[in-house]
Amino acid sequence: MRYGILSDTHSNLEALEAVLGAVAKEKVEQLLVAGDLVGYGADPCECLKRLQGAGPVAVCGNHDCAAVGKMDLDWFNPRARLAVEWTMEALGPSDRTYLSGLSFVWKNEEVTLVHGSLHEPDQFHYIFDPASSRASFDLQETPVAFFGHTHVPGLFALGESSVSFQRPATVQLERGRRYLVNAGSVGQPRDGDPRAGFCLYDSESRLLEFHRVSYDVQAAQKKIRQAGLPEFLADRLALGY
Ligand code: ZN
């Protein structure tokens with residue numbers, strides 16, 4: 001199966017369109033969406049429409065949960081909280097129904113999908129280094145698990161006694177090993193590269209690819225400012241942080 005993996009779209013329509021355009025050229029059979037479809041950006045409803053139209057399997061992120069009132073807003077920093085409150089107002093009934101129906105974890109026999117860590121997935125623990133990946137690896141039953149949440153793409157590989165972190169462009173996964181893959185962020189990358197990120201994975205060849213694609217950052221920024229969302233949320237898109 002050839003998978004396309006998207007995470008953390010965060011209501012950024014310009015970035016999402018660029019990524020879906022790139023994915024469309026790649027003969028992807030199953031699209032996976034690792035949560036945070038909404039929050040931060042100015043196009044939550046249109047992004048949900050485009051994502052649903054692509055027929056994905058999607059799991060729930062902390063912003064998705066909060067936007068439908070299933071999470072305490074105290075969890076969020078002040079700017080994120082403002083964005084959540086703005087998104088709650090912007091969503092329509094069908095958007096709320098869709099987001100409310102998302103599960104925290106999805107898996108088949110080949111891959112697992114989660115927003116944060118598989119350990120207490122409804123608590124959205126961050127996996128940002130080998131130490132914080134351990135609890136998730138302990139619960140991972142498939143060779144590969146895809147996640148997001150930190151907005152930093154990369155690959156954690158479980159070895160005999162240690163976990164290594166890599167940030168390759170392309171990697172051949174080894175049979176019999178387990179991997180935790182952060183697909184990066186479509187709509188708000190935080191690794192210093194402002195281009196939208198996504199992954200491709202072929203479970204037959206076991207080839208994993210990290211992709212980046214340029215999009216109209218200024219158009220997304222303009223909409224965030226016009227919506228009255230915090231200025232910082234527009235500024236950071238140009239920095240990739
Ligand atoms: Zn996020």
What trypsin sites (Lys or Arg not before Pro) does region 112-177 have in DSSP loop regions with at most 10 other beta carbons within 10 Å?
R175
Top positive-direction residue, dipole computed over the chain with Cβ charges, set C47, L180, F210:
F210
Carbon and sulfur atoms: what percent of the 1.4 Å accessible area of region 49-162 do they account for?
51 percent
Taking 45 Å as R0, compute the FRET efficiency from the Cβ-Cβ separation of L207 and A131 and round it to 0.05.
0.95
Under a 1.4 Å probe, what is the accessible area of region 1-78 per residue, stated in Å²?
34 Å²
Which order, highest average first, do 36-42, 17-23, 135-141 follow once you tally other Cβ atoms within 10 Å for each residue and take the mean per peptide?
36-42, 17-23, 135-141
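If the chain between N108 and Q166 were fully stretched, how many nm would it gain, using 0.36 nm times the residue separation less the Cα-Cα distance?
This chain segment gains 18.4 nm when fully extended.
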Taking Lys and Arg as +1 and Asp and Glu as -1, residues besides E46 with C-beta under 12 Å from its C-beta add up to -1
Net +/- balance of residues flanking L102 in space, Cβ distance below 15 Å, scoring K and R +1, D and E -1
-2
With a 10 Å radius around each residue's Cβ, average the other Cβ atoms per peptide and rank 94-106, 54-66, highest first.
54-66, 94-106
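What does the accessible area per residue of region 171-241 come to in Å², with a 1.4 Å probe and no ligands, DNA or RNA counted?
On a per-residue basis, region 171-241 sits at 45 Å².
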Phi to ³J(HN,Hα) by Karplus 6.51 cos²θ - 1.76 cosθ + 1.60 over region 225-233, Hz, x for Gly, Pro
5, 5, 6, x, 6, x, 3, 4, 5
Proximal lysine pairs in the chain, meaning Cα under 23 Å and 8 or more positions apart or interchain, come to 7
What does the charge count near R81 come to, summing +1 for each Lys or Arg and -1 for each Asp or Glu among other residues with Cβ under 12 Å from its Cβ?
-2
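The values are calculated or read from the model by the stated rules, or taken from the named source; none is laboratory data. Since this is a predicted model, take the numbers as computed values, not measurements. Here the Cβ is made from the backbone with ideal geometry for all residues, glycine too, and neighbour counts use every protein chain on show. Surface areas here come from the heavy atoms of the whole protein model, side chains and all, with no ligands, DNA or RNA. Shrake-Rupley method; radii C 1.70, N 1.55, O 1.52, S 1.80 Å.
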